[in-house]
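What follows is a short report on a single structure.
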Amino acid sequence: MEFDQICAYCKLDPKKPFYSIQEAAQLLDKPHTTVWRWAARGIIETIRLTGTSYQKIPNSEMRKILTPTSEEMPEADEQAAAS
């Protein structure tokens with residue numbers, strides 16, 4: 001599935017400049033805690049909103065993650081954290 005199709009399925013705007021952790025989790029079909037953990041470890045690039053603890057994920061980062069490549073997001077990371 002292409003990024004625009006995934007966004008349409010999740011009812012999110014594919015042209016949105018930034019996504020919240022919750023929206024990114026919805027697009028990636030992962031728990032928001034996993035996405036937050038990836039962001040904390042630097043696996044996913046985020047931008048912290050000035051004066052807050054809120055983080056946003058740039059559209060370009062979401063496109064990079066959701067574009068099929070030979071590398072996948074680390075599933076083992078998610079399973080190890082759950083243990």
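Return the only residue of P74, P58, P31 being surrounded by 12 or more Cβ atoms within 10 Å (Cβ to Cβ), in contact with a Phe, Trp or Tyr (Cβ under 9 Å, 6 or more places away or on another chain) and modelled with pLDDT of 90 or more.
Values: P74 fails: modelled with pLDDT of 90 or more; P31 fails: in contact with a Phe, Trp or Tyr (Cβ under 9 Å, 6 or more places away or on another chain).
Exactly one of P74, P58, P31 is surrounded by 12 or more Cβ atoms within 10 Å (Cβ to Cβ), in contact with a Phe, Trp or Tyr (Cβ under 9 Å, 6 or more places away or on another chain) and modelled with pLDDT of 90 or more, namely P58.
If you check R37 against the conditions, is it among the basic types (K, R) and either without any contact (Cβ under 8 Å) to a residue 12 or more places away in the chain or at positive phi (or both)? It would help to see each step written out before you state the result.
Details: among the basic types (K, R): yes; either without any contact (Cβ under 8 Å) to a residue 12 or more places away in the chain or at positive phi (or both): no.
For R37, the condition - among the basic types (K, R) and either without any contact (Cβ under 8 Å) to a residue 12 or more places away in the chain or at positive phi (or both) - is not met.
The values are calculated or read from the model by the stated rules, or taken from the named source; none is laboratory data. Note that the structure is predicted; figures quoted are calculated from it, not measured. Every residue, glycine among them, receives a Cβ derived from its backbone with ideal geometry; neighbour counts consider all protein chains shown.
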